[in-house]
1. Could you check the simple spin-label distance between GLU102 and ALA135, using points 7 Å along Cα→Cβ, in nm with one decimal?
2. Using only the Cα atoms, work out Rg/Rh for the range 54-157, with Rh taken as the Kirkwood radius, to two decimals.
3. Modelled label-to-label distance, GLU56 and LEU117, 7 Å Cα→beta-carbon offset: nm?
4. Report the FRET efficiency, 1/(1 + (r/R0)^6), for LYS95 and ASP64, where r is their Cβ-Cβ distance and R0 is 22 Å, rounded to 0.05.
5. In terms of modelled amide H atoms, which long-range or inter-chain residues lie less than 5 Å from the amide H of ILE67?
6. Would you mind checking which residues have amide H under 5 Å from ARG114's amide H? H placed 1.01 Å from N; only 5 or more apart, or other chain.
7. With unit charges on the beta carbon (Lys/Arg positive, Asp/Glu negative), name the residue among GLY180, LEU198, SER139 whose Cα is farthest towards the positive pole of the charge dipole of the range 136-204.
8. How do the peptides 78-86, 133-141 rank, highest first, by the average count of neighbouring beta carbon atoms within 10 Å per residue?
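The values are calculated or read from the model by the stated rules, or taken from the named source; none is laboratory data. None of these values were measured; they are calculated from a predicted model. For neighbour counting, all protein chains shown are included, and Cβ atoms are generated from backbone atoms with ideal geometry for every residue, glycine included. Heads up: the accessible areas ignore ligands, DNA and RNA and are worked out on the full protein's heavy atoms, side chains in. Shrake-Rupley method; radii C 1.70, N 1.55, O 1.52, S 1.80 Å.
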Amino acid sequence: MHRTSRTLSAGLLAIATLSIAALSQAATPEAGALNVNRPEGQVNQTQQANNAERAERLAAVPEDQRIVFRGSEKPRAVIQVFTDVTCPYSRKFHKEVPRLNEMGIEVEYLAFPRSGLQSGGARQFAQVWCAANPAEALSAAKRGDTLSNAPDCDNPVSEQYYLGLELGVQGTPTIVLPDGRMVPGYVSAERLANMLGLDTRKSG
């Protein structure tokens, strides 16, 4: 009888320990994350801080080191996009840029040759920057056109590549929203506008 009680107590203790561990894991889905309960729901303050830092780092990039596509009107939102001229998904996203501009979303491109700085993509991006009109050259490169100019000018390709690595970019395209949230992969113009909280009906 005494042996059975000890066994039962040990079993209950094990169940309680597992339950506490499961609750603890559910409460903290990300290791090291600081979560705060608020009326609107649980807020990950660690992620918010990371987003704010990412937005601050990108804001420090000089405008003349970004390839900018904007509409004729004052932009309603500005996004930064790490891109690779050879990436098929980056090329697909670039086809959305005219529609994004129509909706008032400015697109600022930064270089991220996904195969590294010794790749053909890095060389092509350097050619883009060394062209007379980098925006036109970027569009041409994304169409698969061959650029004839030499990649021999001072350009920010390597600097932006390392910046992307520091910010956690792992592939292209990687979209960074104004609040610093990072969205990896291709996203349609309409979905991106929704993520930005924009009413697309206002753009016609």
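1. It works out to 1.8 nm between the two label points.
2. Rg divided by Rh gives 0.95.
3. Here the answer is 2.6 nm between the modelled labels.
4. 0.30
5. Hits under the 5 Å cutoff: TYR109.
6. Those lying under 5 Å, H to H, from ARG114: there are none.
7. So the residue furthest toward the plus end is LEU198.
8. Per-residue Cβ counts within 10 Å, averaged per peptide and sorted highest first, yield 78-86, 133-141.
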